[in-house]
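Novice: Before we start, here is the structure in question, set down as structure tokens.
Here, each number is a calculation from the coordinates, and none is a lab measurement. Small disclaimer: the values here were computed from a predicted structure and weren't measured. Using ideal geometry, Cβ is built from the backbone for each residue, glycine included, and neighbour counts are taken over all protein chains shown.
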Amino acid sequence: MHQHRSSTVRTSTARSTTRRRWAPFLAVGAASALLLTGCATASGSAPDASTGTTDGPQSRIALTYDGGLLVVDAATLEVVGDLPLDGFNRVNPAGDGRHVLVTTTAGFQVLDTGTWTDADGASQQAEPKLTDLVFEADTAGHVVRHAGKTILFADGSGDTTVFDSADLLEATDELPDTETIPSEAAHHGVAIELEDGTLLSTLGTPDARTGVRVLDESRAEIARNEQCPSVHGEGAAKGEIAVFGCSDGVLVYDDGVFTKIQAPDTYGRTGNQYVSETSTIAVGDYNSDPDSEGYDLTQLALIDTVAKTMKIADLPDGVGYTWRDVARGPGDEVIVLGNDGSLHILDEQTGEVTDTIEVIDAWEPPAEWQDAHPALVVADGIAYVTDPATSSIHAVDLATGDVVTGELPGVPNEIAVVTG
């Protein structure tokens, strides 16, 4: 990939600490240390997961594989559910701490991971199940969670579906009440609703995507900006400053005003935003090579949503990543799973690498984005890393660098974590 050196923030190639510890336990959350086994169940059968009560929220992990879904206990890395499901499926947390939305041909199907916290604050566990509840959608696409709302986008129709995330927690036989907002035309899009009810939704057609429009609480259009070619991906940084990726930079919406932040390269595509509600810095994947498919990236965009500026940070020489391999840490740091098999911790302000943790063996970028390749999710200070090459999942304590591994009965592809 072409490196535009004059406009980059140089990251340190010196790794301040390289850590790899295989530990029998790690801390999950700040409240307690939970025992972890060295590996999970070796077969697809679910262990006894009858309803039980424990103290504190219990996280679970949903994974896709070719032919089904796995549900894994995040504390033990044991497989507690193996559910058959044909096709290439995607998973996203529904926003209620319990359910995962599985993208299928019918729409967004509800997976009950079997973990939740009841009204008395006690954690409950049950056997996971793929429910019959489906948010119908023509070519289900992006899932966004923000300000207590879950927002679904159907690429085949352009419809946006919005519901209160908490309402799904109580859903058993029927879906919660929803609102549907149509687009001007069908396209691969995304939408987000802000705390005051304002809806930001992408603009486009099946042939081209151009920008973002703003609808007030009554769904009347109050603003739009069409200076964001190939608009893709969204994120809301601190202060509900929304950021959308473009093929030549990013588009920022802040307190009713759009600002286009131009990329330093003629072609400088940001497709996904990795944000924190406690940080004004949004992080985007970055590709300055128009001939690249974008599956082996070496740079990140650091977007100051207050100053409305963008810096480009380089990863260490020889290290690449894909859009599945970036997350934010508990201190708003940037965490990248490199194709060298290590987690690289970057300072969000400077882009400098401050720490490196070895996790898995080096891996090759995928030929197609749907192909199984390592993925990263961070929750409660733990980085969960999938390794398709060994059919395993790893839990990395970001505070200590300790790594624990669980074996899986299938090759993992997509991953989602619910917090219970």
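Novice: Using only DSSP helix segments of four residues or longer, with each worth -39500 (n - 2.57), what per-residue ellipticity at 222 nm results for the chain after dividing by its residue count and rounding to 500?
Specialist: For the chain, the value works out to 0 deg cm²/dmol.
Novice: Also, quick follow-up: If packing is taken as the mean number of other Cβ atoms within 10 Å per residue, what is the order of 371-377, 358-364, 337-343, highest first?
Specialist: Listed from highest to lowest mean packing, they are 337-343, 371-377, 358-364.
Novice: Same structure, new question: Using unit Cβ charges (K, R positive; D, E negative) and no other charged atoms, how large, in debye to the nearest 20, is the dipole of the chain about its Cα centre?
Specialist: Computed charge dipole of the chain: roughly 1080 debye.
Novice: Placing +1 on the Cβ of each Lys and Arg and -1 on the Cβ of each Asp and Glu in the chain, which of ILE393, ALA220, THR105 has its Cα farthest towards the positive end of the resulting dipole?
Specialist: Toward the positive end, the furthest listed residue is ILE393.
Novice: Given the peptides 73-83, 144-154, 246-256, arrange them by the average over their residues of other C-beta atoms within 10 Å, most packed first.
Specialist: Most protected by this proxy first, the peptides run 73-83, 144-154, 246-256.
Novice: Which whole-angstrom value gives the distance between the alpha carbon centres of segment 384-403 and segment 211-269?
Specialist: 34
Novice: Here is a follow-up. Over the chain, what is the relative contact order in whole percent, taking alpha-carbon pairs under 8 Å and six or more residues apart?
Specialist: Relative contact order, the chain: 17 percent.
Novice: What shape does segment 153-236 have by the C-alpha gyration tensor, where a ≥ b ≥ c are the square roots of the eigenvalues, rounded means a/c under 1.5, and otherwise prolate means a/b greater than b/c and oblate the rest?
Specialist: prolate
Novice: Once Lys and Arg get +1 and Asp and Glu get -1 on their Cβ, which of VAL306, VAL231, PRO128 lies farthest toward the positive end of the dipole of segment 5-418?
Specialist: Working it through, the farthest residue towards the positive pole turns out to be VAL306.
Novice: Counting only residues 5 or more places away or on other chains, whose amide H sits under 5 Å from the amide H of LYS149 once H atoms are built in the peptide plane?
Specialist: So LYS149 has HN proximity to SER165.
Novice: Segment 318-420: D in µm²/s via Stokes-Einstein (Kirkwood Rh, Cα pairs, 10 °C, 1.306 mPa s)?
Specialist: 116
Novice: Please give the charge dipole size of segment 228-287, origin at the Cα centre, charges +1 on K and R Cβ atoms and -1 on D and E Cβ atoms. Round to the nearest 20 debye.
Specialist: The calculated dipole for segment 228-287 is roughly 120 debye.
Novice: Of PRO264, ALA75, VAL326, which is farthest along the charge dipole of segment 5-418 in the positive direction, counting Lys and Arg as +1 and Asp and Glu as -1 at C-beta?
Specialist: Farthest towards the positive end: PRO264.
Novice: For segment 148-276, what is the charge dipole size about the Cα centre, in debye to the nearest 20, if Lys and Arg each add +1 at the Cβ and Asp and Glu each add -1 at the Cβ?
Specialist: Dipole about the Cα centre, nearest 20: 760 debye.
Novice: Now for a different question. So what is the relative contact order of segment 78-150, in percent, for Cα pairs below 8 Å that sit 6 or more residues apart?
Specialist: Answer for segment 78-150 is 29 percent.
Novice: Per 20 Å bin, what is the whole-percent P(r) computed from every C-alpha pair distance within segment 5-418?
Specialist: 27, 61, 12
Novice: Within segment 5-418, how many Lys pairs that are eight or more residues apart, or on different chains, come under 19 Å at the alpha-carbon?
Specialist: Summing the qualifying lysine pairs gives 6.
Novice: For a Förster distance of 35 Å, can you work out the FRET efficiency between the beta-carbons of GLU368 and GLU174, rounded to the nearest 0.05?
Specialist: With R0 = 35 Å, the Cβ-Cβ based efficiency is 0.40.
Novice: Continuing with the same structure: Calculate the spin-label point distance for GLU127 paired with LYS238, positioning each point 7 Å from the Cα along the beta-carbon direction, and give it in nanometres.
Specialist: 4.7
Novice: Looking at the chain, send over the antiparallel percent of its DSSP beta bridges, to the nearest 5.
Specialist: Within the chain, antiparallel bridges account for around 95 percent of the total.
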